[in-house]
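Everything on this sheet refers to the single structure shown next.
The values are calculated or read from the model by the stated rules, or taken from the named source; none is laboratory data. As the structure is a computational prediction, the values presented were derived from the model and not from experiment. Cβ sites come from the backbone with ideal geometry, for glycine too, and all protein chains shown count toward neighbours. Surface areas here come from the heavy atoms of the whole protein model, side chains and all, with no ligands, DNA or RNA. Shrake-Rupley method; radii C 1.70, N 1.55, O 1.52, S 1.80 Å.
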Amino acid sequence: NNLNVPTSGAIYMSQFHGAQKSVAGSWSRTSPGTYTFTVPVHSSITIDVRGAGGGGGGSTYDAGASGANGAAGGNASASGTGLVGRGGAGGQGSYYNRPGKASNGTASGGNVANTTGGGADGGVGGTYGTTKGGDGGDGGRAVSTWGAGVRAVGSQITITVPTGGAGGAGQVAGAKGRNGAVYISWT
């Protein structure tokens, strides 16, 4: 974080005025909620946001009583960075069939990765006899790394960690999708 200190050639004591030592560290949140992260002194910082999984669809084997669809997972984000990991779609409820897996969440804002389906796992569809509800989609994942000076030391970033989608009701309910997460590390 010491942009005035040269890495080669002559070095003068005056170039060290205001210099700060960066110490590697990490910070993570895996429980749903809204958090505030204060940017520490760093040489580089990486933020990894992971959307929540969609809930699995419910299952039933009785005529006229289809299982309910699972709910979509929530979005993970870090304010002011453009990073968003979107939640996976909820799985389809079923009656005497086996729908496919729901759509995975997308991601945006990452300068390292924007991965569809790279976040939290979707819930498994309920299984009743030979019937199975559709599995929920996985959340999306966005990752960015910035060098010193891009994220101001002492600035605050609002972090949103989402809840996984609820499983759909049925004779056997679908499983809840996994909660999202945000991971931050710096050197």
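Here are some notes:
- Averaging the sequence gap over all C-alpha pairs within less than 8 Å and six or more residues apart, then dividing by the number of residues, gives the chain a relative contact order of 33 percent.
- Among (1) 21.8, 83; (2) 19.1, 61; (3) 18.3, 71, the entry that matches Rg and Dmax of the Cα atoms in Å as calculated here: (1)
- Compared with the rule-of-thumb size 2.2 N^0.38 Å for a compact globular protein, the range 127-187 has a Cα radius of gyration ratio of 1.79.
- Which of Met13, Ile184, Thr158, positive extreme of dipole for the chain (C-beta unit charges): Met13
- Sequence-distant residues sharing a close amide H with Ala113 (under 5 Å, placed H): Val143
- Taking Tyr96, Tyr35, Tyr128 and ordering them by how much accessible surface each has at a 1.4 Å probe, largest first, produces Tyr96, Tyr128, Tyr35.
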